[in-house]
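The values are calculated or read from the model by the stated rules, or taken from the named source; none is laboratory data. All of these numbers come straight from a predicted model, not from anything done at the bench. Methodologically, a virtual Cβ is constructed for each residue, glycine included, from the backbone with ideal geometry; neighbour enumeration extends over all protein chains shown. For the accessible areas, the whole protein counts, side chains as well, though only heavy atoms, and no ligand, DNA or RNA atoms are used. Shrake-Rupley method; radii C 1.70, N 1.55, O 1.52, S 1.80 Å.
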Amino acid sequence: QVQLVESGGGLVQAGGSLRLSCAASGSIFRINVMGWYRQAPGKQRELVADITSGGTTNYADSVKGRFTVSRDAAKNTVYLQMNSLKPEDTAVYYCNARAQISTIPTQYTYWGRGTQVTVSS
């Protein structure tokens, strides 16, 4: 099994910054993609940003230019630097990893428990 543990959420004023971290541990052979999703009250979970093992990044249009996803492969850790935060960024942020647990090329999806980000106006 693979465990994902997030940290770094909190309360911040509009225009401020936060940095989220997510560390993966357990029976990991290779992590192919790591990233962040978010879910606001009454809304569906949506992709925020992710990054492949090769360093290719993907962002939701709503966060482009404000958020930066990065990865430390040696530590199996993904980061999300969030700048110029807006009240509409308020949500629970979930870490996501798509990983292989052996040489068999079957990919599994794992989720963290989530961390609350609240942006006050």
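Listed highest first by mean packing, meaning other Cβ atoms within 10 Å per residue, what order do 25-32, 88-95 come in? The partial results should precede the final answer.
Details: 25-32: 14.2, 88-95: 20.0.
Most protected by this proxy first, the peptides run 88-95, 25-32.
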Discussion item. Quick check: pseudo-label points 7 Å beyond the Cα along Cα→Cβ at Gln39 and Val5, how many nm apart are they?
Written reply: 2.2 nm
Worksheet, complete the sentence: Computed over the chain, the relative contact order (Cα-Cα under 8 Å, seq sep at least six) in percent reads 36 percent
Discussion item. For region 1-67, what does the accessible surface come to per residue with a 1.4 Å probe? Please give it in Å².
Written reply: 54 Å²
Practice prompt. Describe numerically, in nm with one decimal, the distance between label points set 7 Å from Cα along Cα→Cβ at Gln81 and at Ser121.
Written response: 2.9 nm
Worksheet item: Carbon and sulfur atoms: what percent of the 1.4 Å accessible area of region 32-105 do they account for?
Response: 48 percent
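Which of the three applies to region 1-47, rounded, prolate or oblate, going by the alpha-carbon gyration tensor with a ≥ b ≥ c and a/c under 1.5 meaning rounded? Display every interim value, and only then the final one.
On the way: a/c = 2.68, a/b = 1.71, b/c = 1.57.
In terms of gyration-tensor shape, prolate.
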Worksheet item: Label points 7 Å out from Cα along the Cβ direction at Thr109 and Ala74: separation in nm?
Response: 3.2 nm
Discussion item. Give me a comma-separated list of calculated 3J(HN,Hα) values for region 92-99, in order, Karplus coefficients 6.51, -1.76, 1.60 applied at θ = phi - 60°, integers in Hz, x for any Gly or Pro.
Written reply: 8, 9, 10, 7, 9, 9, 10, 9
